[in-house]
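> One structure, as structure tokens, below. Some questions next.
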Amino acid sequence: MEVVRSQRRSPASDGVVPTLPLYRSAPQLEVRLEDFELFAIDRLRVLKGISDALSRGKKPDEMETLVRDLWKTIMSHAQASEVMNKDIISHFVLRLVYCRTEELRKWFLSMETTLFRYRFRLESPQVQRALMAEFDLPYKAVSKAEFESVKEKLSQVARSIGQYISNADTIFYKVPFEEVPELVASRRVFILKGHAYVAMNQVVSLIVTQFRSHLSKALVLTNRKWTSTIREREKDRLTPVVEALSTSYLGPDYSQPREFAEISLKDIDQVAKSSFPLCMHHLFEKLREDHHLKHGGRMQLGLFLKGVGLKLDDALAFWKAEFSRKVGAERFDKEYAYSIRHNYGKEGKRTDYTPYSCQKIISSTPGVGDHHGCPFRHFSEENLRAALGKMGVGNRAMEDVIDKVRNKHYQLACTLTFEAVHGSSCDTGINHPNQYFIDSQKILQKNNSMV
Amino acid sequence: MPREESENGRDDMLIDGCEPEQPRGNSVPDGFNTNYLKVYYGKLFPHHDIFKWMSYGNDGKHPACDRSYFGRREFSFTLDNDIYLRFQSFNSASELENSINEKCPVKIDIGPVYNVDPAKRHAYAQAGDNGFAPVERELIFDVDITDYDDVRYCCSGADVCLDCWPLMTVAVKVIDTTLRDDFGFNHVLWVYSGRRGVHCWVCDEKARRLNNEQRAAIADYFHVYKGNENSHKKVSLTGHALHPFLARSYTEVLKGFFEEKLLSSQNLFSNEERFEKILEMIPDESITSELRGKWQESRRSSISKEDINVVRWGQLKQMLQSGKQKGQGLRRCVEEIVFSYAYPRLDMEVSKHMNHLLKAPFCIHPKTGRVCIPIDPNHCEEFDPTTVPTLSKLLGELNMGGVKADGGDEWDKTSLGKSVRYFRSSFLQPLLKSCKEEIESSYSAKLQESKNSLSW
């Protein structure tokens, strides 16, 4: 092992010292155990901040500011020389923490990649070029003649994303489209016969893809090392720290119902009315109305109900009662019962699936016939107003909620709704539908006991 | 299942109509049953072609062939009594054929190629996280007419007729052109799903090796329609221009289809409820109220011979595109309406993940009895789902053919012949040719490499 980036400095980077490491290999540094944990917690705060901002649908330039500020305030260090070390150490500690399950890896990979992307964007062009050189990308700029032949299309793409290209100084790289999936997904590049034309200012996507694929592979390797040696070897020292870190900041996952251990079928309509967040209440009502929900809706509501404490047998009875009115009991048993048992870890690979968090629900993309997703994000304003009215949200509160929605603060909008419905404040904010449920039940029980 | 029975009844009437001289003794009773299916698998199902396809040239004698390739592919059978057998795998064409003949599945699904034999996956599961994982899979698309229920007035749910089927034709055209021209794929197979939609298999080596993120990127590239049940605007096109791919789809396919066909066949403006749905997509009160006024009045006075849908669409376009309308939002409105009604709606999840199963071509749809036959994208407007060969029709044709000893394939004597021949000549042969070239070139590259290292 060696300190990252000590070797292979390309000539292009002479005189420029990037402050953005690529985390190619773990540092050979002595780390005090407190720092091990403190650095990691700081970095987690940054990643958590990024995750929250993403779930609010922040735009790229807002993200850039946010990442810059988060990084500056949280990741600084009293000694300037230590800043880089803190960066590298914290990254490698969190690799250990987040390598251990597919779900953790996915989250970490996504947040670290986002962090890297915006840090890269904040660097100067010289530093960016130095980093590019370090990645050793094999792409050549598009020749003058070729550029002329596709110029029309390139400028059409640019205009479609609200940009313009000036003829003279625009450099394009021609790369296999697989290398820039995010540019393809958002139709920000012209694609011809399998090649994407990537403008100089989009090169960050190429770099990010490289970074991401490298980190993704590294996480799988780290996981192997963790399970085969590190966990056992460090069981008295690092292992407890690592295991605690992964839960402390992601919040509870509500996979096991806790405080209100069970709800029974006969109470379900009542608690749905009093304590379900709008997203779940809407699904619940649609199910009662149509006796059917499409897959996304079944997952979102089904796992929520599991988290709320609906036992498997009750869940089967609940879904069957509705679905059989539409598709018949026999078809329910054949086609739908399996996936409910699957959600409870009784079929297939027997994973006990966890209820969806707000972030997951907000970032879902409900399509035709779908009722899942976050109402604050996915409803039209008109429908949202109607739904809030039905929940009993008054006029003043309604305007506040709508205002949050317009600014894309969906979870804050949900929090305000919670407060309006319950007539009580919610200081933590709503991060999870099951948290909404639990907080609601707490308030209702307190009110009951006071009466 | 009264409706399905009547559907089959209609098919048979059509057949009778075409071949009035068909002798009674050879007609096969309606419906789908296991005995017919057994005969179908035994005599007509092109086992060998499926094997050749799924081998991608690795069944050859070339030293670079990967002998384990076909055996690592997951097949999955749904049996008559709703037993679902996943992770079936076979080492040869005859193993595959024997198993299908013996088990007689009502449905055969094809999954990915795994890193190890899927039948032995448990043995590898202990090896840690990557013990058992998909390594290759065709890029697949699934378009289903039920996803268009909010824009078709002729049928709903699983039903499909010749008025709404052209929506599928449009989907085939838009997606096929884009896969070839933009993404550079060459080996694209379109298949009728047997009832209400189409499946697409992209089989180029590069497509088979895409990871999930890259698959999702392609699916998103196609994804324009973003509506759900609780918001009005289903398509939102922003920016000063359309992306070249969308612009091409619009001018080459969607616009003409919408104006010349869909408007009248679906009567999109014929009553208030329908035109209100379109007016909802225009974010300008003054325009919508003017149009609404015009149309409510014209209900009484309309004696014009012209199609009312075409007339009203013309008025709407004129209002939105006449020079005096300012603002980006309105300029795009006409396109947005056309995209909302005619642009393909994909089942995104199917395309995004390597391990999604998809029904094999040449299966029989258990509800309709129709064969899932390939569709030629270059002549997709000629495809008519109501005249697709059905199980009972094919068996009737087999009976007609009598007992022949002159060899040759049985399917060749039935109406399935055309489909199998198309599958071979337009899809399988070109595909196997490029597979062979790829195998050879990767082999010589490897040889070159080892030569180089030897000379050191």
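> For A:PHE332, which of the numbered conditions (1) more than 9 Å from chain B (Cβ to nearest Cβ); (2) buried (at least 19 other Cβ atoms within 10 Å of the Cβ); (3) in contact (Cβ under 8 Å) with a residue 24 or more places away in the chain fails to hold?
(3)
> Restricting the search to the range B:144-173, which residues are more than 12 Å from chain A (Cβ to nearest Cβ) and outside any loop (DSSP other than H, G, I, E, B)?
Scanning the range B:144-173 gives B:PRO166, B:LEU167, B:MET168, B:THR169, B:VAL170, B:ALA171, B:VAL172, B:LYS173.
> Could you please let me know if B:ILE140 is part of a strand (DSSP E or B) and of a type outside the set (Lys, Arg)?
Working: part of a strand (DSSP E or B): yes; of a type outside the set (Lys, Arg): yes.
For B:ILE140, the condition - part of a strand (DSSP E or B) and of a type outside the set (Lys, Arg) - is met.
> Taking the options A:PHE120, A:PHE177, name whichever one is crowded, with 19+ Cβ neighbours inside 10 Å, among the hydrophobic types (A, V, I, L, M, F, W, C) and over 22 Å from A:PRO21 (Cα atoms).
Details: A:PHE120 fails: over 22 Å from A:PRO21 (Cα atoms).
None of the other options fit; the residue is A:PHE177.
> Is it true that some residue in the range B:175-186 is touching a helix residue (DSSP H, G or I) at 6+ places or on another chain (Cβ under 6 Å), in the same structural domain as B:SER55 (by TED's automatic domain parsing) and among the aliphatic types (A, V, I, L, M)?
The answer is no, given that none of the residues of the range B:175-186 is touching a helix residue (DSSP H, G or I) at 6+ places or on another chain (Cβ under 6 Å), in the same structural domain as B:SER55 (by TED's automatic domain parsing) and among the aliphatic types (A, V, I, L, M).
> Hey, another quick one. In the range B:242-294, which residue that is assigned to a loop (DSSP other than H, G, I, E, B) and within 14 Å of chain A (Cβ to nearest Cβ) is nearest to A:VAL189 (Cα to Cα)? Reasoning before the result, please.
Just the residues of the range B:242-294 that are assigned to a loop (DSSP other than H, G, I, E, B), to begin with: B:242-243, B:266-271, B:280-284.
Among the residues that remain, those that are also within 14 Å of chain A (Cβ to nearest Cβ) are: B:242-243, B:280-281, B:283.
Numbers: B:LEU242: 12, B:HIS243: 9, B:GLU280: 32, B:MET281: 28, B:PRO283: 29 Å.
Looking at residues that are assigned to a loop (DSSP other than H, G, I, E, B) and within 14 Å of chain A (Cβ to nearest Cβ), I get B:HIS243.
> Right, another one. List the number of the failed condition for B:ASP384; all other conditions in (1) among the charged types (D, E, K, R); (2) out of contact with any helix residue (DSSP H, G or I) (no Cβ under 9 Å at 6 or more places or on another chain); (3) within 30 Å of B:ASP66 (Cα to Cα) hold.
It fails just one condition, (3).
> Can you tell me which residue among A:SER449, A:SER424 is surrounded by fewer than 18 Cβ atoms within 10 Å (Cβ to Cβ), out of contact with any Cys (no Cβ under 8 Å at 6 or more places or on another chain) and not in a helix (DSSP H, G or I)? Even if it seems obvious, please write down each step before you answer.
Details: A:SER449 fails: not in a helix (DSSP H, G or I).
Every option except A:SER424 fails the conditions.
> Assuming A:SER357 fulfils every condition listed in (1) farther than 27 Å from B:ASP144 by Cβ; (2) within 14 Å of another protein chain (Cβ to nearest Cβ) apart from one, which condition is it?
The one condition A:SER357 does not meet is (2).
> When you scan the range B:106-128, do you find a residue that is more than 12 Å from chain A (Cβ to nearest Cβ), in contact (Cβ under 8 Å) with a residue 12 or more places away in the chain and in a helix (DSSP H, G or I), even just one? Break it down stepwise before answering.
Taking the range B:106-128 as the starting set, the residues that turn out to be more than 12 Å from chain A (Cβ to nearest Cβ) are B:106-120, B:123-124.
Within this subset, residues satisfying the condition of being in contact (Cβ under 8 Å) with a residue 12 or more places away in the chain are B:106-119.
From the residues that got through so far, the ones that are in a helix (DSSP H, G or I) too are B:118-119.
Checked against the condition, which is being more than 12 Å from chain A (Cβ to nearest Cβ), in contact (Cβ under 8 Å) with a residue 12 or more places away in the chain and in a helix (DSSP H, G or I), the range B:106-128 yields at least one hit.
> Could you pull out the residue among B:ASP49, B:ASP82 that is at pLDDT below 95, assigned by TED's automatic domain parsing to the domain that holds B:PHE32 and either of a type in the set (Asp, Glu) or assigned to a strand (DSSP E or B) (or both)? Outline the logic, then answer.
Values: B:ASP49 fails: at pLDDT below 95.
When all the criteria are applied, what remains is B:ASP82.
> Still on this structure, I have one more. Does B:VAL191 count as surrounded by 22 or more Cβ atoms within 10 Å (Cβ to Cβ), farther than 18 Å from B:LEU246 by Cα and out of contact with any Lys or Arg (no Cβ under 6 Å at 6 or more places or on another chain)?
On the way: surrounded by 22 or more Cβ atoms within 10 Å (Cβ to Cβ): yes; farther than 18 Å from B:LEU246 by Cα: yes; out of contact with any Lys or Arg (no Cβ under 6 Å at 6 or more places or on another chain): yes.
Spelling it out, B:VAL191 is indeed surrounded by 22 or more Cβ atoms within 10 Å (Cβ to Cβ), farther than 18 Å from B:LEU246 by Cα and out of contact with any Lys or Arg (no Cβ under 6 Å at 6 or more places or on another chain).
> Can you find, within the range B:226-262, the residue that is nearest to A:HIS372 (Cα to Cα) among those that are of a type in the set (Ser, Thr, Tyr) and surrounded by fewer than 19 Cβ atoms within 10 Å (Cβ to Cβ)?
Taking the range B:226-262 and keeping what is of a type in the set (Ser, Thr, Tyr), we get B:231, B:236, B:238, B:249-251.
Filter once more, keeping what is surrounded by fewer than 19 Cβ atoms within 10 Å (Cβ to Cβ): B:236, B:238, B:251.
Working: B:SER236: 20, B:THR238: 25, B:THR251: 34 Å.
Applying the filter and picking the extreme gives B:SER236.
> Residue by residue through the range A:134-154, note down the ones that are part of a helix (DSSP H, G or I), surrounded by fewer than 17 Cβ atoms within 10 Å (Cβ to Cβ) and in contact with a Lys or Arg (Cβ under 8 Å, 6 or more places away or on another chain).
A:GLU146
The values are calculated or read from the model by the stated rules, or taken from the named source; none is laboratory data. For clarity, every value in this text was computed on a predicted model and none was experimentally measured. Glycine gets a Cβ as well: all are built from the backbone with ideal geometry, and neighbour counts include every protein chain shown.
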